[in-house]
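Computed from the coordinates by the stated procedures, all read-outs in this text should not be read as laboratory data. From a predicted model like this one, the values you see are computed outputs, not experimental measurements. Cβ: placed from backbone, ideal geometry, glycine included. Neighbour counts: every protein chain shown.
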Amino acid sequence: MSEIEELLETRRNFYAFLSRMYVEAPARELAADLVNGKFQFQELKSFDINTELFEGFRLLNEFMEKSKGKDIDVLYNDLVGEYTLLFVGPFRPPVEPYEAWWVSGRRLGEPLVAVKQAYRKAGIAKSREYTDLEDHIGFELKFMLYLCEEELAATTPERLKECLKLQREFLDEHILNWVPIFCDALYTYEIADFFKGIAKLTKGFIMLDDAVVSDLLESAR
């Protein structure tokens, strides 16, 4: 595997992990891994770790240490409860996971339309099985994951560059405009425990990937 392929694969795996953390409530398998000390992160050997990422890794490792030996079902219910209170309700989520909310102060509207246009430009549409809005953080991270997978499957330099350009545009026009401040709000919210680490990890990786995508585009010229 070439250095570029390894870089693309690492990015793909990290986006897969992060999108899973937001698209749906944590799985029981995650609780089991935490209890058994088997929760592992994607290694970032080829990257310069920033302070946000470092803190995210530290917080999640600390959470895992505190979780060792706990009853799996108790921890699972705690994780699901935390996710639900933060992002679902029963009333308006205290930390809105939608781009439109952070850009315009309300759900729906022009920001959501712009996100949908970005997806159409890349040739994708939301599955009927996914009932949430397209500007949900989990869906936006999943879009970046999709483009990472397309890069790895690219058979020509032109296709690789096209995918990188789409990622550069999506970072500039969407993710960088709201995900960092969303992560700051998530980190400081009092009921966040497990998701404090996820918030730091998300912000740190987005900041890192901002530079990585630009470097990849430069080398693809």
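Quick notes
- Matching entry among 160, 145 (being buried (at least 16 other Cβ atoms within 10 Å of the Cβ), farther than 18 Å from residue 214 by Cβ and of a type in the set (A, V, I, L, M, F, W, C)): 145
- Among the candidates 84, 51, residue that is in contact (Cβ under 8 Å) with a residue 12 or more places away in the chain, loosely packed, with under 14 Cβ neighbours inside 10 Å, within 21 Å of residue 205 (Cα to Cα) and not acidic (Asp, Glu): 51
- Qualifying positions in the range 183-193 - crowded, with 22+ Cβ neighbours inside 10 Å and either in contact with an Asp or Glu (Cβ under 9 Å, 6 or more places away or on another chain) or of a type in the set (Ser, Thr, Tyr) (or both): 183
- Selection from the range 114-145 of residues that are in a loop (DSSP other than H, G, I, E, B) and either touching a Leu at 6+ places or on another chain (Cβ under 7 Å) or under 13 Å from residue 19 (Cα atoms) (or both): 122, 133, 134, 135
- Taking helices (runs of 4 or more DSSP H) as the structural unit, those lying wholly within the range 24-106 and holding at least 1 residues that are under 26 Å from residue 210 (Cα atoms) and not hydroxyl-bearing (Ser, Thr, Tyr) correspond to 51-67, 72-87, 99-104.
- Residue in the range 186-200 that is within 16 Å of the chain's Cα centre (by Cα) and of a type in the set (D, E, K, R) present: yes
- There is no residue in the range 147-161 that is under 30 Å from residue 36 (Cα atoms), acidic (Asp, Glu), part of a helix (DSSP H, G or I) and in contact (Cβ under 8 Å) with a residue 60 or more places away in the chain.
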